[in-house]
1. Might you report the magnitude of the Cβ-based charge dipole of the chain about its Cα centre, with Lys and Arg at +1 and Asp and Glu at -1, to the nearest 20 debye?
2. Using the crude model of +1 on Lys and Arg Cβ and -1 on Asp and Glu Cβ, and no other charge, please compute the dipole size for region 92-188 relative to its Cα centre, in debye to 20.
3. Rounded to two decimals, what is the ratio between the C-alpha radius of gyration of the chain and 2.2 N^0.38 Å?
4. Taking the Cα atoms of region 146-206, what is the range of coordinates along each of the three principal axes, in descending order and whole Å?
5. With each run of n ≥ 4 DSSP H residues scored as -39500 (n - 2.57), what mean residue ellipticity at 222 nm is computed for the chain after dividing by its residue count and rounding to the nearest 500 deg cm²/dmol?
6. Taking region 30-100, which trypsin sites (Lys or Arg not before Pro) meet the DSSP loop condition and have no more than 12 other C-beta atoms within 10 Å?
7. Work through the residues other than A46 whose Cβ is under 9 Å from its Cβ and net out their charges, Lys, Arg +1 and Asp, Glu -1.
8. Please give the peptides 159-171, 133-145 ranked by average Cβ packing (other Cβ atoms within 10 Å per residue), highest first, as a rough proxy for protection.
Amino acid sequence: MSEEPEIVETDEEIVEQETPDPHAAQLEALNKQAREHLTAEEWEAALDLYRQALALTEEAGDNAGADAGGKAEALNNIASVYLAQKEWAQALETLEPARDLLREAGDQEGEATTLNNIASAYNGLGDWAQALAVYEEALAIREAQGDLEGQSKTIRNLAIIYAQHGNRAKAKTYLNKAMQLAKKAKSRELVGVIRATLSQLPKFRR
């Protein structure tokens, strides 16, 4: 594995639902608390809160009609804990239903976010060919949408896989492209992340 992690994307990347939700305040509180526990690496506490958020979303969906985006968001959040713990198989098992929900709902932005996380899980499992294929799928969606920041994140993740497998020249080419996109998107934070990854290239193992 590399010294620089792939970018894992959580609920903030998925488009929020348009219909007002009476449970919104409670969901927001649960997710906020869960993120705090996740940052503190208190995995079980984070999982418990994210599962409560999923149950609440499902309850709201039963009462007011299906909410694919909300359920997919909750599943992505749960998967983010598994990814942080490198529990790749559990992450994949959680993310695939989220992808299907978003695809059926026509939410391409959410689908691209979820594909990015699925690819990270495949790479963690050692299936780097499948990880590359899924990242390319996410990239195609983001290119079609004109999402410069999203493209930059995905291209950086592709670069990391190439670096992990010894192709540093290709990784550098991808990182330079990711850098250009991040600058066009005016994302100073992402520019900093990519610069850090470029500085780590010599340390990647074959």
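Computed from the coordinates by the stated procedures, all read-outs in this text should not be read as laboratory data. Given the structure is predicted, the values throughout are model-derived calculations rather than measurements. Glycine gets a Cβ as well: all are built from the backbone with ideal geometry, and neighbour counts include every protein chain shown.
1. On the way: 22 positive and 36 negative charges, 378 e Å.
Roughly 1820 debye for the chain.
2. Values: 13 positive and 13 negative charges, 195 e Å.
Taking the Cα centre of region 92-188 as origin, the dipole is about 940 debye.
3. Working: Rg = 17.0 Å, N = 206, 2.2 N^0.38 = 16.7 Å.
That ratio works out to 1.02.
4. Per principal axis, max minus min of the Cα coordinates gives 32, 19, 12 Å.
5. Details: 9 runs with 155 residues, N = 206.
Theoretical 222 nm ellipticity from helices: -25500 deg cm²/dmol.
6. On the way: sites: K32, R35, R51, K71, K86, R99; in loops: K86.
When the trypsin sites (Lys or Arg not before Pro) of region 30-100 are filtered for loop state and at most 12 Cβ neighbours within 10 Å, K86 remain.
7. Values: positive: R35; negative: E36, E41, E42, E44, D48.
Neighbour charge sum, excluding A46 itself: -4.
8. Numbers: 159-171: 19.8, 133-145: 17.9.
Descending packing order for the listed peptides: 159-171, 133-145.
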